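The values are calculated or read from the model by the stated rules, or taken from the named source; none is laboratory data. Not measured: the values here are computed from a predicted model. All Cβ positions, glycine included, derive from the backbone under ideal geometry; neighbour counts span all protein chains shown. The area values use the complete protein model at the heavy-atom level, side chains included, leaving out ligands, DNA and RNA. Shrake-Rupley method; radii C 1.70, N 1.55, O 1.52, S 1.80 Å.
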Amino acid sequence: MVLFHYADAFIGVNIGTDLSDMPHPTQVVALLKAQQIRHVRLYNADRAMLLALANSGIQVMVSVPNEQLLGIGQSNSTAANWVSHNVVAHYPATNITTISVGSEVLTAIPNAATVLVNALKFIHSALVASNLDRQIKVSTPLSSSIILDSFPPSQAFFNRTWNPVLVPMFNFLQSTGSFFMLNIYPYYEYMQSNGVIPLDYALFKPLPSNKEAVDANTLLHYSNVFDAMVDAAYFAMAFLNFTNIPVMVTESGWPSKGDSNEPDATVENANAYNSNLIRHVLNKTGTPKHPGMAVSTYIYELYNEDMKLGPVSEKNWGLFDANGSPIYILHLTGSGMVLANDTSNQTYCAAREGADSKMLQAALDWACGPGKVDCSPLLQGKPCYEPDNVLAHATYAFDTYYHQMGKDSRSCDFNGVAAITTTDPSHGSCIFPGSVGKNGSLVNITAPSMNSTSSDSSGHSIYSSGLTRVLIIVGVLIWSAPFS
């Protein structure tokens, strides 16, 4: 039996191609790199896209399209041929990590449901034959609509019509250490609730505790629809005696434009949902049933797809237009570098998420000392003191130094613990150098003269979060050469 694993959560992006002016694969990959998107899901296994993704380091989920499912589910050799042409031919140069077999098969093409599990097994067998089964997982994304009575989550169960497919599918996922892939759309839950679900609850907006939904059976409090839907999936699996299969959300998002009967499909709401979703996933908050457990999620989607059929909203789920311009600027301060999608020329220097804290501290000490950065705003009681941690303080110091040096890219490295971003790290009354203020004016700084004797050069131990002065002096000696 494969044990439930607590992998680091990630944010990925779906790449649909129903555009009248679909960018060339090399342009797509350039956008992914610029936005530091490290995980993508393709709805096929397009050769040109897989070649463009080669040697990019981006982790790729390829897909067996629904129209190929029947053939693969009925023939082991067809499945082996598919894996040979679409996976083995590109791996490892293209970092394929997952194969999604079909998309919402049970609800989209129910006539193919009887071969779904065979298709999963045949694809997996082909990976085993190529010795790739440990590196590449196989699963199938399903619609959350197969979960009935989803609130309270503890009462959720799968539509019993599908149990003859789901039980062997879960056995397969469990035995191969794969994920239960689920498409979750709080937008549709909200739209279909006839006012029962508050908009803020769907958008991850903070709710007072007395407004949170409470599962009367477990007494767990739910502050957003997304968590409730994920936990409903866990409870529904447990109802079938599967308790160690992690959920991966293969689609989630919010449309930025809709028909007259879709008044909440707006840029503001799409921005709020996706920004809050990214923050929620990357903060590793988990769900009330599984706090701290990673729920990796792919945002739907990279581009607006103007060729999509249906209501206006169907064409407007994208983060970018076909030219690579953002539909809106995500509010992601404090959520790392991923999808900092401001393509204006305003750039900042931020500490890297996950950087070694001692390396960060040494770099912070250098910036506030020999680097001549005025770090007084980081003092207790000053605008940038909170949050009082080395990551936040280092970001302020790094960004100030970066702007003092005229935004020279070489000045935003700090031995690898800093990176340039387009997300403005300003927060509250703490306004960073280079920030565009509410009146549209840039906040600029003047580089201090090299013989400056301001208090930061002698008193930068204030910012050392407990390091002794001896360690600070050692840090300055070690770090002065690379940064000077």
- Filter region 155-201 for residues that are open to solvent by 20 Å² or more (accessible area, probe 1.4 Å), among the aliphatic types (A, V, I, L, M) and farther than 27 Å from Leu132 by Cβ; the one that is modelled with the lowest pLDDT is Val196
- Item | Within region 376-421, tally of residues that are touching a Leu at 6+ places or on another chain (Cβ under 6 Å) and either among the β-branched types (Val, Ile, Thr) or closer than 24 Å to Lys33 by Cβ (or both) | 2
- Of those in region 20-43 that are open to solvent by 50 Å² or more (accessible area, probe 1.4 Å) and within 15 Å of Asn95 (Cα to Cα), the residue modelled with the lowest pLDDT is Lys33
- Query: Can you name every residue in region 278-304 that is hydroxyl-bearing (Ser, Thr, Tyr) and either open to solvent by 10 Å² or more (accessible area, probe 1.4 Å) or farther than 17 Å from Val40 by Cα (or both)?
  - Reply: Thr285, Thr287, Ser296, Tyr300
- Task: Identify all residues within region 328-342 that are open to solvent by 50 Å² or more (accessible area, probe 1.4 Å) and either of a type outside the set (S, T, N, Q) or at pLDDT 85 or above (or both); write none if there are none.
- Result: Ile329, His331, Gly334
- Message: For region 354-389, give me the residue count where each residue is closer than 24 Å to Asp8 by Cβ and surrounded by 24 or more Cβ atoms within 10 Å (Cβ to Cβ).
- Response: 2
- Is there any pair with a first residue in region 35-55 that is in contact (Cβ under 8 Å) with a residue 24 or more places away in the chain and a second that is in a strand (DSSP E or B) and open to solvent by 30 Å² or more (accessible area, probe 1.4 Å) whose Cβ atoms are under 7 Å apart and which are 6 or more apart or on different chains, and what are they? Arg38/Gln59; His39/Gln59
- Task: Give just the number: which of (1) surrounded by 14 or more Cβ atoms within 10 Å (Cβ to Cβ); (2) free of Cβ contacts under 8 Å to residues at least 60 places away in the same chain does Tyr234 not satisfy?
- Result: (2)
- Task: Would you point out the residue of region 91-131, among those that are assigned to a loop (DSSP other than H, G, I, E, B) and open to solvent by less than 20 Å² (accessible area, probe 1.4 Å), that is farthest from Met49 (Cα to Cα)?
- Result: Gly102
- part of a loop (DSSP other than H, G, I, E, B) and either open to solvent by 20 Å² or more (accessible area, probe 1.4 Å) or touching a helix residue (DSSP H, G or I) at 6+ places or on another chain (Cβ under 9 Å) (or both): does that describe Ser145? no
- Of all residues in region 401-424 being of a type in the set (Ser, Thr, Tyr) and farther than 16 Å from Ala362 by Cα, which is most open to solvent (accessible area, probe 1.4 Å)? Ser409
- Message: Looking at (1) over 11 Å from the mean Cα position of the chain (by Cα); (2) in a helix (DSSP H, G or I); (3) basic (Lys, Arg), which one does Lys289 not meet, given that it meets all the others?
- Response: (2)
- Message: I need the full set of residues from region 233-260 which are outside any strand (DSSP E or B) and closer than 27 Å to Leu330 by Cβ, in order please.
- Response: Ala233, Pro246, Gly253, Trp254, Pro255, Ser256, Lys257, Gly258, Asp259, Ser260
- Task: Look at Phe226 and say whether it is in a helix (DSSP H, G or I), open to solvent by less than 20 Å² (accessible area, probe 1.4 Å), touching a residue at least 24 places away in the same chain (Cβ under 8 Å) and within 16 Å of Ala272 (Cα to Cα).
- Result: yes
- Item | Residues of region 202-220 classified as of a type outside the set (Lys, Arg), outside any loop (DSSP other than H, G, I, E, B) and either under 20 Å from the mean Cα position of the chain (by Cα) or surrounded by fewer than 14 Cβ atoms within 10 Å (Cβ to Cβ) (or both), total | 3
